Amino acid sequence: MEYSLKWIQKYIDIDIPERELFEKLSMSGSEVEGYKELLTEIENVCIGKILKIEKHPNADKLQYCDVTDGKETFKVVCGAQNIHEKDIIPFAKIGAKLPGGVKIKKSKIRGVESQGMLCSQKELGFGEDHTGIFILDAQYKVGENFKKYFDDMIFEIEITPNRPDLLSHIGLVREIGALLGKGTRKPAVEEIRNTVDSPIKVKIEAKDACPRYSAIYISGITNGESTEEITYFIKTMGLNSKGLLVDISNFNLFDIGHPTHFFDADKIDGNITVRFAKKGEKCTTIDKENRVLSNKDLVIADDKKIIALAGVMGCMNSEVDKNTKNLFIESAIFAPSYIRETKKHYGIMSDAAYRFERGVDPEITPFSIKRVVYLLKQNTTFSGTSNILDSYPGRRDLPIITLKKENVEKILNIDLALDKITDILRSLGYKVEKLINNDIKVLVPSFRSYDTLREIDLIEEIGRIYGFNNVPEIRPYIRGKVRTNVFWDLKFKIRKYLSGRGFYETMTFSLIDETYIKNLGYKGKIKSLSNPLNIEQNIFSPWIFPRLLRVLKGNLKYKNKNIRLFEISHIYDGEEKEAISFLLYGNQELINWRNKEPNEMDIFNLKGELNAFFDLIGQNDLIYKNEELPFLVKGNSGGIYKGEEYLGFIGMVSPEFLPSKRIEKPVFIAELVLEPLLKKGIVKYTPISQYPAIERDISMIFKKDIQISEIKALIEKNGTVNLREINLMDVYEMNDKEDALMFRLIFQSQSKTLNDKAIEYLMGKIIGSLEEKLSGRLRK
Amino acid sequence: MDLNSIYNDALDDLKNIKNKGDLPLIKSKYIGRKGKVTELFKELTSLPKEERKDFGQKINEVQNKLKELFEEHEEKFRLNAFNIKLNDITRDAYPIESGRTHILNQTYEDIYNVFKSMGFTVVEGPEIEDEFHNFEALNFPKSHPARDTQDSFFFDDKSLLRTHTSPVQIRIMESWEPPFAVISPGKCYRRDTIDASHSFMFNQIEGFLVDEDIGVGHLKAILDIFVQKIFGEDVKFRLRPHFFPFTEPSMEIDIGCIFCGGKGCNVCKNTGWIEIMGAGIIDPNVFTLSGIDPEKHSGFAFGMGVERIAMLRQNINDMRLIYGNDLEFLKQFRG
């Protein structure tokens, strides 16, 4: 909320610099988030008085005035028509400065010298009114600096949800009084005398939702213009004047924090009932919106119609206007949860609802009426007032809390004297009684009865006033099981490794648009938002790679770059899990002076990266299978498995799914769920063979539909434990049906030197099985 | 054949050698197991006794000389194979691209290391949460204005994207016995429009410690270590009272402005202080709701935005850069 320092100063004298006050507020839990001085740019403007007005000799629309600053008289040309002799006005002398860098100089206007300027509100920078000169009351002393009366500082405080008592100037004054140890002035009130009976009675049906309803009937009132003081103050709160009656209700809201509602009594049919709306009942609120209500909405109704959404907004049918003669003022308390429900349901942001949904002091209602009547009396006339009508079905005892000194010590780690504790609490308005055993009985004031209900709440109060910064540091001894999160550690190992391999780690938004995902052919479960910010981000992403494709698109401006990306992120494809995705784009190597035309990459570049990555994390037995996916190029894609478990896919993205026409080279992607890749436990040493390794090559011709994985599996099976490695060394296309393949096998035993005979035996078995099972034939 | 002509033949062969691969052939032709020189040794037995010694010596000499020659040639071939050229070392290298871990993960790691060294365990939680863990158990009553500060994304089935990492507090308290000290990192989501300091997805690190008799002094000591390690030994910090539903008392932590040293500047809005996290003593209601006895146990919790820490430490003035994934940006942070 924003506060006016001038307003605050009506109720408390502040004798420290503003900055120091703001610091004290911030350090006690009311953070001052910003402030602005109102009249910083104004210099040398004083309160002046118009002595004489004559016609300008050379211009019909201009006037020529004698203006005094109390000492001297100045001749001033003025164009505004709203001035009269003896008016008190803001007078900018020669040399004065106004907002926007305006400097007042001696000048000639249509041949007549003008020694200064009479100012409008707008020229002074604190209003929009530029229709005429700003006419002041007689209370302003001629000759005084204008700033003495009108300077102000508007400061904003972040009021946390637990402190609704601070949502007014009086509330903040109370807090400042406690912080500075100073007394405060109470707002003046009018004691009510019953001079006319209220023709309107009030009945509360919804007692849970309306714990208290006070009201007063005022007859023979005159609505009118607000004084410039009231206008000024509500303007600091961002409101424009809407006539005296509405302005006073608004002023009171920001003054003491209680939203009252002014009804035109003559527009009320019969009596008032506080009840829930019937489903389908209609009303038009003062924002001119027609609303169809539900039975959860608390309303104020008369015998015929709904006249207000209780605590949220009044209706047009009972609004006060310039002809209002008789007034019915509602000064009620509504229960926060009901107000919130209605406010949220209709999306109404009103100052009243903001306060009721946080909690308003239930004891304030009669006081609020007396205050409003006082303000009305100061500003207009009326003929009679009724008694204060007051129903209080929700009266509750104020909380009483027992506070143990030892608990203050336990939580705040400070040994405060009992007197110090009671001093702090008393300064904040708590009534305190010392009991035996260092216990204190605390009675919570009504304006804190929403948030201070427990001992711990009082300990907080003591802590914030004493200052958490005065608490000594105590290094805790950290006990309990030391648990290592191996999965977290694995992810960081992966990040480090992949960045070393030239991959950039991205972090993209996990929300993505459903249409895009469906266009890619996604058929799995979708987790869609019911309240997305926009349709581009309306589901929880089931894949990471579409996001990497967009990152690629965003980085195409860097020409001749190889782009290698990876990202680890949560995904949702029926359940939430963590996945890793890779993207590879570009050439085998970067263009350089030795190689101006590097080869394009193919799928085996990414497969190689994956295999090295799998090796690093101890996953050497993953299986690739040729599989098709809707967004991958046929014959360039596959699934990756751990045994029977599907981990993810690898492949070349089909060009029609690339997000930019400027992508001119193939893009390779892979995506895998991460958790099955976690290898637990510590690696144990395997002895290194002391015996020679022997190489043998096999060249055989196979039909194209025989997969390398089948051939390798068969070789491996027949090669026994002594076969250490099988590497595909050459693929030569014999014709459109057959390929000649060369494999290099490495044999090595852990226990002996393998002699020629042993090797020949194994080779024989291998070749035999390839011939028999896969119809391979040796290449001559 | 006599020794001299064999020797001369060998020299001729060596002279005419073209390939490195021919060398072993020539070598075995003369001094191999069946080489011409070796064969001569066999003839020794057929010679008269008095000549044997003399001739034997000669064959030996020739054999050794040839060995030397072959070795010389081998060495010559080996050195030739190096094919050493004159190079200008200032010429460009063949480029090798280095990659990067993401700036936020670098920040995560730095923060994690501070707490890991103190004995905290890292625990991650789901990003798709239920209302109980995200709000109710954290003492956000239904229809309470405190929920307004964390506008949430809901899914059709009423689950939601967690608005903070604090639900992990509840999940741990439900399943572990105190004492424990945990940090919990991860992505969170709030319905904020993206601007220089907001993003609907952001990263948080939560920390909490539960034991017996834990108070503000303990929290302060841990934060002191954190601030020193992450921002520097000379950086001051302060605890400013605040409100969070799940801690009581609650506070925000400010550090002395690292840009102006506390004199006042744009970044600290002339206050000399910069807010870096929220913290407090865990509210007894939170303990009760997750099955821990608040009479016996107490603890503290704190939470911070990882983007904010990164932005402050690395002088990043716009959060959109962090999620922009421009490689030129990512490249600057070497982690």
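General remarks:
- Filter pass, B:K229 being under 31 Å from the mean Cα position of the chain (by Cα), basic (K, R), more than 22 Å from A:R464 (Cα to Cα) and at the interface with chain A (Cβ under 10 Å from one of its Cβ atoms): no
- Tabulated pairs, the stretch A:683-711, first part of a loop (DSSP other than H, G, I, E, B), second surrounded by 13 or more Cβ atoms within 10 Å (Cβ to Cβ), C-beta under 6 angstrom, 6+ apart or interchain: A:S689/A:Q748; A:S689/A:Q750; A:Y691/A:S749; A:A693/A:I746; A:A693/A:Q748; A:K704/A:D739; A:I706/A:L774
- Residue in the stretch B:89-101 that is at the interface with another protein chain (Cβ under 7 Å from one of its Cβ atoms), touching a residue at least 40 places away in the same chain (Cβ under 8 Å), more than 18 Å from A:Y497 (Cβ to Cβ) and open to solvent by 10 Å² or more (accessible area, probe 1.4 Å) present: no
- Listed conditions (1) within 30 Å of A:N162 (Cβ to Cβ); (2) more than 9 Å from every other protein chain (Cβ to nearest Cβ); (3) in contact with a strand residue (DSSP E or B) (Cβ under 8 Å, 6 or more places away or on another chain) are all met by A:G429, apart from (3).
- Look at (1) farther than 17 Å from B:S5 by Cα; (2) surrounded by 10 or more Cβ atoms within 10 Å (Cβ to Cβ); (3) polar (S, T, N, Q) and you find that B:Q63 fails only one, number (1).
- Per-region count, the stretch B:203-218, residues facing another protein chain (nearest Cβ under 9 Å) and either open to solvent by less than 10 Å² (accessible area, probe 1.4 Å) or of a type in the set (A, V, I, L, M) (or both): 7
- Index of the failed condition, B:H164 passing every other in (1) assigned to a loop (DSSP other than H, G, I, E, B); (2) within 12 Å of chain A (Cβ to nearest Cβ); (3) touching a Cys at 6+ places or on another chain (Cβ under 8 Å): (2)
- From A:L672, A:L678, A:L728, residue being out of contact with any strand residue (DSSP E or B) (no Cβ under 8 Å at 6 or more places or on another chain) and of a type in the set (A, V, I, L, M): A:L678
- Considering (1) under 20 Å from A:Y11 (Cα atoms); (2) at pLDDT below 95; (3) out of contact with any strand residue (DSSP E or B) (no Cβ under 9 Å at 6 or more places or on another chain), the lone condition that A:T222 does not fulfil carries the number (1).
- B:N105 meets the conditions (1) facing chain A (nearest Cβ under 9 Å); (2) not in a helix (DSSP H, G or I) in every case but one. The failed one is (2).
- Scanning the stretch B:119-155 for residues that are facing chain A (nearest Cβ under 7 Å), of a type in the set (A, V, I, L, M) and more than 35 Å from the chain's Cα centre (by Cα) yields a count of 1.
- Every residue from the stretch A:479-492 that is facing chain B (nearest Cβ under 9 Å) and either open to solvent by 40 Å² or more (accessible area, probe 1.4 Å) or among the small types (G, A, S) (or both): A:R479, A:G480, A:K481, A:V482, A:R483, A:T484, A:D489
- Scope the stretch A:586-609; condition farther than 14 Å from A:V653 by Cα and within 13 Å of chain B (Cβ to nearest Cβ); matching residues: A:N587, A:Q588, A:E589, A:L590, A:I591, A:N592, A:W593, A:R594, A:N595, A:K596, A:P598, A:E609
- The strands (runs of 3 or more DSSP E) falling completely within the stretch A:1-111 that include 3 or more residues that are within 14 Å of chain B (Cβ to nearest Cβ) and in contact (Cβ under 8 Å) with a residue 40 or more places away in the chain map to A:31-37.
- Any hit, the stretch A:719-728, residues being among the hydrophobic types (A, V, I, L, M, F, W, C) and closer than 19 Å to A:L778 by Cα: yes
- Sole residue being more than 8 Å from chain A (Cβ to nearest Cβ), open to solvent by 50 Å² or more (accessible area, probe 1.4 Å) and not in a helix (DSSP H, G or I), chosen from B:K158, B:K116: B:K158
- Checked against (1) surrounded by fewer than 20 Cβ atoms within 10 Å (Cβ to Cβ); (2) closer than 23 Å to A:Y572 by Cβ; (3) touching a residue at least 24 places away in the same chain (Cβ under 8 Å), B:V168 meets all criteria but (1).
- Some residue of the stretch A:448-455 being over 30 Å from B:F200 (Cα atoms), modelled with pLDDT under 95 and away from chain B (no Cβ under 14 Å): yes
- Within the stretch A:534-548, considering residues that are at the interface with chain B (Cβ under 10 Å from one of its Cβ atoms) and not aromatic (F, W, Y), the one farthest from the chain's Cα centre (by Cα): A:L548
- Selected residue [touching a residue at least 60 places away in the same chain (Cβ under 8 Å), over 29 Å from B:H198 (Cα atoms), within 11 Å of chain B (Cβ to nearest Cβ) and open to solvent by 10 Å² or more (accessible area, probe 1.4 Å)] from A:R501, A:R495: A:R501
- Filtering the stretch B:276-328 to residues that are touching a residue at least 40 places away in the same chain (Cβ under 8 Å), more than 9 Å from chain A (Cβ to nearest Cβ), in contact with a helix residue (DSSP H, G or I) (Cβ under 6 Å, 6 or more places away or on another chain) and over 30 Å from A:R454 (Cα atoms) leaves B:V306, B:E307, B:I309, B:A310, B:M319.
- Selected residue (criterion: surrounded by the most Cβ atoms within 10 Å (Cβ to Cβ)) from residues of the stretch A:230-250 that are touching a strand residue (DSSP E or B) at 6+ places or on another chain (Cβ under 8 Å) and small (G, A, S): A:S249
- Only listed residue being part of a helix (DSSP H, G or I) and open to solvent by 10 Å² or more (accessible area, probe 1.4 Å), chosen from A:N323, A:N317: A:N317
- Pairing each residue of the stretch A:519-532 that is within 14 Å of another protein chain (Cβ to nearest Cβ) with any residue that is exposed (fewer than 14 other Cβ atoms within 10 Å of the Cβ), provided the two are 6+ apart or on different chains, yields C-beta distances under 7 Å for A:K525/A:G574; A:S528/B:D156; A:S530/B:D156.
- Test: residue in the stretch A:566-585 that is open to solvent by 30 Å² or more (accessible area, probe 1.4 Å), touching an Asp or Glu at 6+ places or on another chain (Cβ under 9 Å) and away from chain B (no Cβ under 12 Å): no
- Unmet criterion (only one of (1) more than 14 Å from A:R777 (Cβ to Cβ); (2) assigned to a strand (DSSP E or B); (3) of a type in the set (D, E, K, R)) for A:D739: (1)
- Evaluation of A:F631 against (1) in contact (Cβ under 8 Å) with a residue 60 or more places away in the chain; (2) farther than 21 Å from A:K553 by Cβ (one fails), failing number: (2)
The values are calculated or read from the model by the stated rules, or taken from the named source; none is laboratory data. This structure is a prediction, so every number in the text was calculated from the model and none was measured. All Cβ positions, even for glycine, are placed from backbone atoms using ideal geometry, and neighbour counts span all protein chains on display. Only protein heavy atoms, including side chains, enter the accessible area calculation; ligands, DNA and RNA are left aside. Shrake-Rupley method; radii C 1.70, N 1.55, O 1.52, S 1.80 Å.
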